[in-house]
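Before any comments, here is the structure.
The values are calculated or read from the model by the stated rules, or taken from the named source; none is laboratory data. Quantities reported herein were computed from a predicted structural model and do not represent experimental measurements. Cβ sites come from the backbone with ideal geometry, for glycine too, and all protein chains shown count toward neighbours. All accessible areas refer to the heavy atoms of the entire protein, side chains included, with ligands and DNA or RNA removed. Shrake-Rupley method; radii C 1.70, N 1.55, O 1.52, S 1.80 Å.
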Amino acid sequence: MPSIPKKIAILTSGGDCAGLNAAIRAVVLRAEALGWDVIGIKQGSHGLLERPPATVTLHCHNVDTVMMRQGGTILGTTNKGNPFAWPMPDGSIKDLSDDMIAGFHSLGCDALIGIGGDGSLGILRHLAQKGNIPLVGIPKTIDNDLALTESSVGFDTAVVVATEALDRLQPTAASHDRIMILEVMGRDAGHIAMTAGIAGGADVILIPEIPYSIQSVADHIKFIRQSGRNFALVVVSEAVRTVDGEKLMNEFYGGQKRLGGIGHVIGAQIADLCQAETRVTVLGHVQRGGMPTAQDRLIAAAFGVHAVELIAAGKFDRMVAWSNRQVIDVPIAEAIKHNQQVERHGSLVKTARGLGICFGDTIRV
């Protein structure tokens, strides 16, 4: 039988999202019930590079229900800097993975819970394998593109924010005879655009999984206007390419590049083809912040409890997941092997088509 660990570590890695604090709280409460100590690692795996490592001891009194309701993460996080190819000030690249591993082992922890998306979990798994670190993963990504789980922490809140944006854009669109374009996040998959588009009554949904023609989009909007309605709502995922196949990127401080800008391109094209007034709203990080929904708090709590119980059972290299209304666990390697994209012939696409929503292709129902 595996020995029962008495001290575990937890970190959040990658982009922030709503529900992370609820997951941290669940881990701490379950671990304390077992008599364990919990160490929070600050700023993701980067905290392990400091000497001593940047950590905070977590107890039930500093993970209360006030903290559970907060967006972001009390531990901090980062979405840059691969420890196996760390950019140095002189422009060189250095492998700092051994330093991170040494930092973890210096804490005297028996296991690590990593909360992250596919990229973060992939790096953490590589570190765990190299450094003999018992690892359990909790999936979080607003994109909901991790395989083998029906939902990840942060997705539901992002969808609710995008849906509320459509609810607010509709009356102003109707008041001014406008076509409103809403650009939402979704680095590799269109789940936010798809789900919010259906829930928010969009007329057009553009996602990277379904190739589109801007003329088809314009024709659909013209049909709506000719039928007597004076406005239209278009939702576009940031990962959608231009008609020329270009993926638009913005460069930020430090050379980081992020998707963004396709909404303005689509808006200008629709305005020209439809000879109508358009306005573009880019939600951006509004989708990441704010109070988590009940659904995100629920799965975060379930994930956190199950992650601790996996450690108690001596089951590592596993990721907790949501399937058929219950928590399961799956191999991390399988969960990060490929992106879970919107199924082009899946139920939600069929639902949207049945509602008359246009994807910019030629399929009609």
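Of note:
- Considering the conditions (1) touching a Leu at 6+ places or on another chain (Cβ under 8 Å); (2) open to solvent by less than 60 Å² (accessible area, probe 1.4 Å); (3) assigned to a loop (DSSP other than H, G, I, E, B), residue 308 is excluded by exactly one of them, (3).
- Some residue of region 3-10 being open to solvent by 50 Å² or more (accessible area, probe 1.4 Å), among the β-branched types (Val, Ile, Thr) and either more than 16 Å from residue 289 (Cβ to Cβ) or in a loop (DSSP other than H, G, I, E, B) (or both): yes
- Of all residues assigned to region 117-126, none qualifies as being under 15 Å from residue 319 (Cβ atoms), basic (Lys, Arg) and surrounded by 24 or more Cβ atoms within 10 Å (Cβ to Cβ).
- Taking each residue of region 288-299 that is among the aliphatic types (A, V, I, L, M) and looking for partners that are surrounded by fewer than 16 Cβ atoms within 10 Å (Cβ to Cβ) with beta-carbon atoms closer than 8 Å, six or more apart or interchain, yields 291/69.
- Subset of region 102-111 (residues that are open to solvent by 10 Å² or more (accessible area, probe 1.4 Å) and within 19 Å of residue 314 (Cα to Cα)): 105, 108, 109, 110
- Residues satisfying the stated conditions in region 39-51, i.e. under 25 Å from the mean Cα position of the chain (by Cα) and of a type in the set (A, V, I, L, M, F, W, C): 39, 41, 48
- Matching entry among 15, 44 (being surrounded by fewer than 23 Cβ atoms within 10 Å (Cβ to Cβ), touching a Gly at 6+ places or on another chain (Cβ under 8 Å), touching a residue at least 60 places away in the same chain (Cβ under 8 Å) and not charged (D, E, K, R)): 15
- Here residue 320 passes the criteria (1) in a strand (DSSP E or B); (2) at pLDDT below 95; (3) β-branched (Val, Ile, Thr) except the one numbered (2).
- Only one of the numbered conditions (1) at pLDDT below 95; (2) closer than 30 Å to residue 275 by Cβ; (3) touching a Lys or Arg at 6+ places or on another chain (Cβ under 9 Å); (4) surrounded by 19 or more Cβ atoms within 10 Å (Cβ to Cβ) is violated by residue 181, and that is (1).
- Restricting the first member to region 223-235 and to residues that are among the small types (Gly, Ala, Ser), and the second to residues that are part of a loop (DSSP other than H, G, I, E, B) and surrounded by 14 or more Cβ atoms within 10 Å (Cβ to Cβ), the beta-carbon pairs closer than 8 Å and six or more apart or on different chains are 232/203.
- Residue match in region 331-340 (condition: touching a strand residue (DSSP E or B) at 6+ places or on another chain (Cβ under 9 Å), more than 18 Å from residue 136 (Cα to Cα) and in contact (Cβ under 8 Å) with a residue 12 or more places away in the chain): yes
- Some residue of region 156-169 being modelled with pLDDT under 95 and open to solvent by 30 Å² or more (accessible area, probe 1.4 Å): no
- Picking from residues in region 18-35 that are in contact (Cβ under 8 Å) with a residue 40 or more places away in the chain and not in a helix (DSSP H, G or I), the one that is most open to solvent (accessible area, probe 1.4 Å) is 34.
- Within region 118-129, residues that are assigned to a helix (DSSP H, G or I) reach no partner that is open to solvent by 40 Å² or more (accessible area, probe 1.4 Å) and among the small types (Gly, Ala, Ser) with beta carbons closer than 6 Å at six or more positions or on different chains.
- Taking every residue in region 52-67 that is in a loop (DSSP other than H, G, I, E, B) and pairing it with any residue that is open to solvent by less than 60 Å² (accessible area, probe 1.4 Å) and of a type in the set (Phe, Trp, Tyr), at least 6 positions away or on another chain, yields no pair with a Cβ-Cβ distance below 7 Å.
- Of all residues in region 147-184, those satisfying the criterion of being under 9 Å from the mean Cα position of the chain (by Cα) and of a type outside the set (Val, Ile, Thr) are 152, 154, 155, 158.
- Residue in region 75-92 that is modelled with pLDDT of 95 or more and either surrounded by 22 or more Cβ atoms within 10 Å (Cβ to Cβ) or within 21 Å of residue 7 (Cβ to Cβ) (or both) present: yes
- Looking only at region 273-297, and only at residues there that are in a loop (DSSP other than H, G, I, E, B) and at pLDDT 90 or above, the one that is surrounded by the fewest Cβ atoms within 10 Å (Cβ to Cβ): 275
- Restricting 221, 198, 210 to residues that are under 23 Å from the mean Cα position of the chain (by Cα) and more than 26 Å from residue 71 (Cβ to Cβ) narrows the list to 210.
- Residue count for region 330-346, restricted to those that are open to solvent by 90 Å² or more (accessible area, probe 1.4 Å) and more than 16 Å from residue 240 (Cα to Cα): 3
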